[in-house]
1. Could you grab the pairs with beta carbons closer than 8 Å, sequence gap of 6+ or different chains, first residue in the range 139-161 and more than 19 Å from Pro175 (Cα to Cα), second one among the polar types (S, T, N, Q) and at pLDDT 85 or above?
2. Would you be able to say whether some residue in the range 37-56 is modelled with pLDDT under 75, hydrophobic (A, V, I, L, M, F, W, C), part of a helix (DSSP H, G or I) and open to solvent by less than 70 Å² (accessible area, probe 1.4 Å)?
3. Counting only residues that are acidic (Asp, Glu), more than 60 Å from the chain's Cα centre (by Cα) and open to solvent by less than 80 Å² (accessible area, probe 1.4 Å), how many does the range 592-641 have?
4. Please enumerate the residues belonging to the range 164-178 that are open to solvent by 60 Å² or more (accessible area, probe 1.4 Å) and part of a helix (DSSP H, G or I).
5. Across the range 386-439, which residue is modelled with the lowest pLDDT among those that are in a loop (DSSP other than H, G, I, E, B) and among the hydroxyl-bearing types (Ser, Thr, Tyr)?
6. Right, Phe313: at negative phi and at pLDDT below 95 or not?
7. I want to confirm something. Restricting to the range 317-331 and keeping residues that are of a type in the set (A, V, I, L, M) and buried (at least 18 other Cβ atoms within 10 Å of the Cβ), which single residue is nearest to Arg372 (Cα to Cα)?
8. Of everything in the range 264-286, what is in contact with a helix residue (DSSP H, G or I) (Cβ under 6 Å, 6 or more places away or on another chain) and either at positive phi or without any contact (Cβ under 8 Å) to a residue 60 or more places away in the chain (or both)? Give them in sequence order.
Amino acid sequence: MTADNYLYDDAEEEAELEFLRESLEQMDNLADKTTQLLKVFDIRLKNLGRIIAPIYKSTQKLTRLYDNIEITMSSLDDTLLFFNVAKDEADTIRSGPDENELLPYLDSINRLKDASDALKQLDLDSASQSRQEIYELLRIGLGNLSQLFSQWLKQHSGGIDPAAYHSVADVPTFPTDTEKLLSMLATYLNLVNDEVSYDLKLTKTYAGIRTRHLQKSLAQFGDMSNGYIRANSFDGQLPGQNRYSEAASRSNPSEVRFCTIRNEHWYEPGTSPFAQYTLNIVKLFQAERDLVRRIMPTVISQETFLTTADRPFETYIGTGEKMVSFFLSSPLYEVLQALDVYGYLLENDSVFDSLLSLRQRQHNGMAKLLSRLQLHLSKSFTALINLIRSPFKDDTVPKQTGGVHELVYNTLTFLAYVIIYKDLLTNLFLPLGDGHWNQGSLPDASNVSQYASDPSDGLSIFQHYLRDVVEALSHMIEQGGKQMKRPALQFVFLINNHNYLARALRDAMYAGDEHSQSLGLGDLVGRSALGRSELQIERSRKGYVATWKAVMSSFPAASLSPAEKLNMFNQGLDDMVRSQKAYEIFDSDVRAMLISDATEAVVPGYETFLRQNNDRSPEFTRAMKYTPRDIQRKIGAMLDD
């Protein structure tokens with residue numbers, strides 16, 4: 001390329017650069033002017049902001065004021081409506097609720113309540129007057145609802161027979177729909193009552209109706225208990241009088257009764273009217289507590305139940321106190337019922353406490369009842385053994401019949417029933433200690449058995465007690481024999497009573513495990529007692545045989561002729577047989593035993609006498625009143641009625 005060409009290119013570039021330079025200067029000038037213009041706008045905007053800010057604030061205040069006025073107007077409209085609520089709802093409230101459509105009535109009460117809350121905030125005379133009208137309508141409305149609540153409660157609160165229902169779940173209360181309505185109404189009444197400060201006394205309303213229901217349902221058991229007391233009481237000490245003092249040791253009619261009257265109506269477990277009372281009051285209380293929980297609000301349910309159950313429970317405890325007082329003055333065989341009642345009370349004590357919170361009360365009637373009954377029972381068993389050890393006083397002398405003595409019969413029958421409560425008695429005897437029944441007395445050493453095999457075991461202590469009772473009874477039989485006025489009668493008494501004792505021990509022995517619940521008196525006392533009774537029977541039989549042989553006491557007499565010997569024998573035999581006819585011997589085995597012993601005592605000796613005196617003189621012939629066969633028949637029939 002030539003040099004001229006290069007020069008030309010440089011000139012073009014310089015021209016372009018110059019153009020660019022001029023363009024940039026123009027743009028700079030334009031930017032400066034734009035900046036100045038923007039600064040002017042900025043200054044003007046700032047000035048405009050300072051001018052608009054007060055106007056904006058005033059607009060906000062105006063808006064708030066408008067809103068407040070609008071709200072106030074709306075609130076005033078609502079408040080003015082509250083002034084008319086009393087008039088609008090008066091007819092509905094005064095007419096009462098419709099049982100089939102309760103919600104409209106509740107809505108009406110809610111509107112009254114809302115109006116009352118709103119008008120409370122107004123310090124105006126007109127508002128005060130309207131509030132008074134509303135309060136009066138609320139009082140009427142809540143009263144009407146309370147009456148409806150009472151009406152529904154009364155429909156199924158007329159009393160029932162709780163004994164007809166096996167368990168708590170079977171006890172009838174209310175239909176499900178009625179329960180739901182009652183629950184809804186109770187909840188509403190309790191809530192509204194608190195909000196309007198109206199003294200509705202919902203708990204008292206429920207308790208008043210259901211208390212009468214419980215009392216009516218339980219009245220039969222109280223009547224049966226009181227009727228039993230009246231029917232079985234007799235003239236004697238006043239209920240509660242101490243019958244264990246020395247001064248009353250035999251003037252006590254209950255002890256005389258136990259010694260002289262054979263009891264033919266022994267108590268059967270579970271038949272006590274008060275035991276039935278206990279079972280059924282627990283059943284009803286549990287059912288009532290569950291019902292209260294389903295109907296009443298939780299905050300007042302426990303108070304409601306306690307108020308409802310209070311009077312029926314007081315009546316129950318009062319009847320229990322009468323029963324204990326009856327036991328204190330009754331014959332010893334009533335201890336069986338006292339034991340049964342004590343067992344029922346112990347079994348249900350914790351149930352009563354869970355229901356009624358008895359241990360939190362200052363006066364616990366159940367605890368007092370149990371304490372009195374426990375003291376009576378512990379003294380009764382001591383009284384029994386003391387009675388057996390000293391049975392015969394002026395008013396308790398045994399009858400001259402040789403029969404089983406009433407004290408023997410009553411005691412052994414009593415023990416047979418007492419054993420049913422063995423578990424209860426082992427717990428009762430254990431804290432009293434081994435031999436506690438001998439404290440304060442000095443019994444004959446022959447009447448006291450050895451100590452319990454395990455003094456720390458209630459069963460061992462109870463067995464020791466039974467052994468001491470049997471020993472005392474055996475000794476009492478010996479004492480009773482000495483009260484008989486004829487020798488033969490003495491031995492008949494001993495045989496009869498020792499045999500009854502032995503049979504009671506023998507028949508009550510079981511071939512089972514010694515720890516079995518079916519242990520009888522013989523098992524608990526031990527076979528040694530039976531052996532001693534059988535030994536006493538054999539010894540008494542020998543004495544009885546000797547009295548029959550005494551009829552032939554004239555046979556060895558050398559100074560008497562055979563005819564005179566026969567006459568004396570005949571008279572003695574007739575007297576002996578005649579006296580035996582008055583004896584009370586109801587046991588067929590004892591009758592057979594006595595007839596056999598008498599026959600063996602007389603007939604062989606009589607036959608020997610006849611063989612040795614083969615006299616055919618008229619005097620002897622006339623004197624021979626009986627043949628050996630006649631004597632055998634005569635003795636065989638001597639105990640016939």
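1. The qualifying pairs are Ser146/Thr205.
2. Checked against the condition, which is being modelled with pLDDT under 75, hydrophobic (A, V, I, L, M, F, W, C), part of a helix (DSSP H, G or I) and open to solvent by less than 70 Å² (accessible area, probe 1.4 Å), the range 37-56 yields at least one hit.
3. Result for the range 592-641: 3.
4. The answer is Ala164, Ala169, Asp170, Thr176, Asp177.
5. Once the filter is applied, the top-ranked residue is Thr396.
6. No: the conditions fail for Phe313.
7. The extreme case among them is Val324.
8. If the condition is that a residue be in contact with a helix residue (DSSP H, G or I) (Cβ under 6 Å, 6 or more places away or on another chain) and either at positive phi or without any contact (Cβ under 8 Å) to a residue 60 or more places away in the chain (or both), then Pro273, Tyr277 are the ones that fit.
The values are calculated or read from the model by the stated rules, or taken from the named source; none is laboratory data. Because the structure is a prediction, the values reported are computed rather than measured. Quick reminder, even Gly has a Cβ in these numbers, built from the backbone with ideal geometry, and neighbours come from all protein chains shown. Each accessible area value is taken on the protein alone, full model and side chains, heavy atoms only, with ligands, DNA and RNA left out. Shrake-Rupley method; radii C 1.70, N 1.55, O 1.52, S 1.80 Å.
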